[in-house]
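Encoded as structure tokens, the structure appears first; notes follow it.
The values are calculated or read from the model by the stated rules, or taken from the named source; none is laboratory data. The structure displayed is predicted, hence computed values, not measured ones. So basically every Cβ, Gly included, is an ideal-geometry build from the backbone, and we count neighbours across all protein chains shown. Accessible surface is based on the protein model in full, side chains and every heavy atom, while ligands, DNA and RNA are left aside. Shrake-Rupley method; radii C 1.70, N 1.55, O 1.52, S 1.80 Å.
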Amino acid sequence: MDIINLFDYATLKFIWWLFIGFLLIGFAIMDGHDMGIGTLLPFVAKTDEERRIVINSIGAHWEGNQTWLITGAGAIFAAWPMVYATAFSGFYWAMLAVLWAMFFRPVGFKYRSMIQNDTWRKTWDWCLFVGSFVPALLFGVALGNVILGVPFHFDDSMRSFYTGSFWALLNPFALLCGVVSVAMLVFHGGVYLMHRTEGIVYRRTRHTLIGSALITLLAFSAAGVWVATGIDGYVAVAGLAPGELANPLGKEVVRQAGAWMLNYQRWPLVMLVPLLAYAGVLAALLLARAGKTLAAFVCSSLSILGVIATFGVSLFPFILPSSSDLRSGLTVWDATSSHLTLTVMFFATIIMMPIVVTYTGWAFRVMRGKVTAEYVRENDHSAY
């Protein structure tokens, strides 16, 4: 049996589109609830003890959850090197802003409770807020700009050049996508916080769920209407060769009104993807308010899957469309690594991914349970 040619090149390209989507959705679900809780921290916990309860609800897992981001970025680097190079240079300042904000998280977790000083601890609480809110906002802003098209082009030697600016990224549509991202993760984090706490923190968090769910659904709907009626999408009309080596400049692309809705006309079943986002939020809200917080967390995770998969399905086969030189846009079919690279990575992934998922599930099971005021007092020197 020829293992290397187990899948043809085009099938492998599609499989890697699914794998990277899985990793990014995994990051949004796992680290997303950490960012949501960090954003809620100053608002649902008023005393130092309440804030330590909130922080320790994610204290055992937050570092592990961040590995989803590293794994996702590594997978993009290996499977879609041109996407990695173009996106990371084009969004350079936005990426730096995300990293600078995320620096507050490990430092805040480690140092906040080391000194018994109210000002010291409140300062770090707001640093944790910044380290959670800013990345959540900018991740949504980045996806919004991808939908609009990113101003970049390749020269004859396939060097990519970004011709936009950081401030141009903060346009109205992209900021709306940022609102979707923040509200979605705050809702998801709120559901998880209810699952891990009780008492006054539980009740305050419960009150925030309706607001974050409503903003998520309204902003997601507004973004969908905007995409359908006010934003031109991109269509590759010639030159795409799924089974051939990457050659982004070999295709012809046109800009077309409503193009991001064509996949829903072509494959009506994918309409279930955005519907999953709505159903997940509503089910999670009802279950959380009924006290069934674990089931609510599963449903809010499904809503994140629905929101992010809607982005992927709408753009398919595009990964990173170009607004300044249409043919330079990168797609699933012309931005990937070689057949051999994708095959080797495929076998590494199908071996390692089940191990990672199983280990993560085991870790959450071992460290399950409510984080209470008694727990914080008994572990005053070891808890965050």
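Among the residues of the stretch 227-259, those that are assigned to a helix (DSSP H, G or I) and under 28 Å from the mean Cα position of the chain (by Cα) comprise Val227, Ala228, Thr229, Gly230, Pro248, Ala259.
Any chance the stretch 320-330 includes a residue that's in a loop (DSSP other than H, G, I, E, B), of a type in the set (Ser, Thr, Tyr), in contact (Cβ under 8 Å) with a residue 60 or more places away in the chain and out of contact with any Ser or Thr (no Cβ under 6 Å at 6 or more places or on another chain)? Explain how you work it out, then say what you get.
If we filter the stretch 320-330 for residues that are in a loop (DSSP other than H, G, I, E, B), which is where we start, we get 321, 323-325, 329.
Going one step further and asking which of them are of a type in the set (Ser, Thr, Tyr), we end up with 323-324.
Add one more test, that the residue is in contact (Cβ under 8 Å) with a residue 60 or more places away in the chain, and what stays is 323-324.
After this cut, where a residue has to be out of contact with any Ser or Thr (no Cβ under 6 Å at 6 or more places or on another chain) as well, the list is 323.
Within the stretch 320-330, one or more residues are in a loop (DSSP other than H, G, I, E, B), of a type in the set (Ser, Thr, Tyr), in contact (Cβ under 8 Å) with a residue 60 or more places away in the chain and out of contact with any Ser or Thr (no Cβ under 6 Å at 6 or more places or on another chain).
Across the stretch 168-203, what is the total count of residues that are part of a helix (DSSP H, G or I) and buried (at least 20 other Cβ atoms within 10 Å of the Cβ)? Count: 23.
Under the condition of being open to solvent by 40 Å² or more (accessible area, probe 1.4 Å) and among the β-branched types (Val, Ile, Thr), the residues counted in the stretch 315-373 number 9.
Among residues of the stretch 165-182 that are without any contact (Cβ under 8 Å) to a residue 40 or more places away in the chain and more than 12 Å from Trp226 (Cβ to Cβ), those with a beta-carbon under 9 Å from a residue that is outside any helix (DSSP H, G or I) and open to solvent by less than 50 Å² (accessible area, probe 1.4 Å) at least six positions away or on a different chain give the pairs Ala168/Pro151. Each residue in the stretch 39-84 was checked for being in contact with a Lys or Arg (Cβ under 9 Å, 6 or more places away or on another chain) and more than 26 Å from Ser382 (Cβ to Cβ), and 2 pass. Has the stretch 277-288 got any residue that is free of Cβ contacts under 8 Å to residues at least 12 places away in the same chain, surrounded by fewer than 22 Cβ atoms within 10 Å (Cβ to Cβ) and part of a helix (DSSP H, G or I)? Yes; the residues of the stretch 277-288 include at least one that is free of Cβ contacts under 8 Å to residues at least 12 places away in the same chain, surrounded by fewer than 22 Cβ atoms within 10 Å (Cβ to Cβ) and part of a helix (DSSP H, G or I).
Do you know which residues across the stretch 251-276 are touching a Lys or Arg at 6+ places or on another chain (Cβ under 8 Å) and open to solvent by 40 Å² or more (accessible area, probe 1.4 Å)?
Here is the first cut: in the stretch 251-276, the ones touching a Lys or Arg at 6+ places or on another chain (Cβ under 8 Å) are 251-253.
Listed by number, the list holds a single entry, Glu252.
Consider Ser113 carefully, then state whether it is in contact with a strand residue (DSSP E or B) (Cβ under 9 Å, 6 or more places away or on another chain) and either open to solvent by 10 Å² or more (accessible area, probe 1.4 Å) or of a type in the set (A, V, I, L, M, F, W, C) (or both). The answer is no for Ser113. Screening Gly291 with (1) small (Gly, Ala, Ser); (2) surrounded by fewer than 18 Cβ atoms within 10 Å (Cβ to Cβ); (3) outside any loop (DSSP other than H, G, I, E, B) gives one miss only, at (3). All conditions but one from (1) of a type in the set (Phe, Trp, Tyr); (2) part of a helix (DSSP H, G or I); (3) at pLDDT below 95 apply to Trp333; the one that does not is (2). Picking from residues in the stretch 22-80 that are of a type in the set (S, T, N, Q) and open to solvent by less than 10 Å² (accessible area, probe 1.4 Å), the one that is nearest to Val186 (Cα to Cα) is Ser57. Could you identify the single residue in Thr39, Thr86 that is assigned to a helix (DSSP H, G or I) and in contact with a strand residue (DSSP E or B) (Cβ under 9 Å, 6 or more places away or on another chain)? Residue meeting the stated conditions: Thr86.
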